[in-house]
Amino acid sequence: MREYYIAGNWKMHKTRAEAAELARALVGQLKDGKHKYLVAPSFTLLETVAAIVKGTNIRLGAQNAAAEEQGAHTGEVSVLQLKDLGVQTVILGHSERRHTYGEDDALINKKLKLALRHGLEVILCVGELLEEREAGRAEAVCETQTVKGLEGVAAGDLGRVVIAYEPVWAIGTGKTATPEDADAIHAYIRGVIGKLYGPEAAGKIIIQYGGSVKPENAAQLMAKENIDGALVGGAALKTETFVPIAKFS
Ligand code: PEP
């Protein structure tokens, strides 16, 4: 049985005081939660949030990491620095990184392998643009991003990889893929994992859905066979919206 995994991506929101308030509230309200949880604040908030979630059932995630361990990389943050702060998971290949900041599959793959090499868990985001969906290319885009993102990853490391299917047209737009459409892509991605790593690995890998997940649609999405959780953006910024998603039944 795959466990449900609900992650909140706080993006570029919150000051330290605001982040601490949200993290404390989540620790209190999710302590009896039955699923796996993660919050991913901005780099500047990690130390503050780390001190609050340490020893709880909420993991600490970063929203990105550099492709190099250390060196002359102005403005970048290394996996070594993230681990030093208590980060356990890193989100890579988010559509905002791909489409606003020009990250390609080769760069994402380099980051992913480095993060795995340092013992981190990775949430690898994949997903098609609206024009790609309309051209009937959603599956092909997700397949390419999955295959290239995982190139060179050993089967033994796959247990620390989570895939997040995030159709780009659904992120922050209020538009959600129907549970049926999302499930079909999740099943397709699971099949891609099966081709790469075999049926057992395909059955085990956690595939989150992301794209305007809200308290009102979380349970319907999660009821689908291949949807194992959510990567939540806007609704992760408030306890009133994140906790009901995290505690969906
Ligand atoms: C995201 O950025 O990963 C995301 C899914 O955002 P939202 O929930 O706001 O659509």
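Observations on the model:
- Any hit, region 146-159, residues being within 14 Å of the ligand (Cβ to nearest atom), touching a residue at least 40 places away in the same chain (Cβ under 8 Å), crowded, with 16+ Cβ neighbours inside 10 Å and aliphatic (A, V, I, L, M): no
- Here is the figure for region 173-210: residues that are among the small types (Gly, Ala, Ser) and touching a strand residue (DSSP E or B) at 6+ places or on another chain (Cβ under 8 Å) total 3.
- One residue stands out in region 198-233 among those that are in contact with a Leu (Cβ under 6 Å, 6 or more places away or on another chain) and more than 13 Å from the ligand (Cβ to nearest atom): the one that is least open to solvent (accessible area, probe 1.4 Å), namely 227.
- The set of residues from region 118-156 being more than 16 Å from residue 97 (Cβ to Cβ) and part of a strand (DSSP E or B) comprises just one member, 121.
- Scan of region 1-42 for residues that are away from the ligand (no atom under 13 Å from the Cβ), in a loop (DSSP other than H, G, I, E, B) and modelled with pLDDT of 95 or more, ordered by number: 2, 3, 4, 14, 15, 31, 32, 33, 34, 35, 41, 42
- Evaluation of residue 185 against the conditions (1) crowded, with 21+ Cβ neighbours inside 10 Å; (2) in contact (Cβ under 8 Å) with a residue 60 or more places away in the chain shows that the sole unmet condition is (2).
- Leading residue by the ranking (farthest from the ligand (Cβ to nearest atom)) among those in region 71-98 that are in contact (Cβ under 8 Å) with a residue 40 or more places away in the chain and β-branched (Val, Ile, Thr): 79
- Selected residue (criterion: farthest from the chain's Cα centre (by Cα)) from residues of region 157-177 that are at pLDDT 95 or above and part of a loop (DSSP other than H, G, I, E, B): 167
- Candidate set from region 99-136 (those that are within 14 Å of the ligand (Cβ to nearest atom) and without any contact (Cβ under 8 Å) to a residue 24 or more places away in the chain); member that is most open to solvent (accessible area, probe 1.4 Å): 101
- Taking region 86-97 as the range and being surrounded by 22 or more Cβ atoms within 10 Å (Cβ to Cβ) and either in a helix (DSSP H, G or I) or out of contact with any Gly (no Cβ under 8 Å at 6 or more places or on another chain) (or both) as the test, the residues that pass are 94, 95.
The values are calculated or read from the model by the stated rules, or taken from the named source; none is laboratory data. Model, not experiment: these values are computed from the prediction. Ideal geometry is used to build each Cβ from the backbone, glycine not excepted, and the neighbour counts take in all protein chains shown. Calculation scope for accessible area: heavy atoms of the full protein, side chains included, ligands and nucleic acids excluded. Shrake-Rupley method; radii C 1.70, N 1.55, O 1.52, S 1.80 Å.
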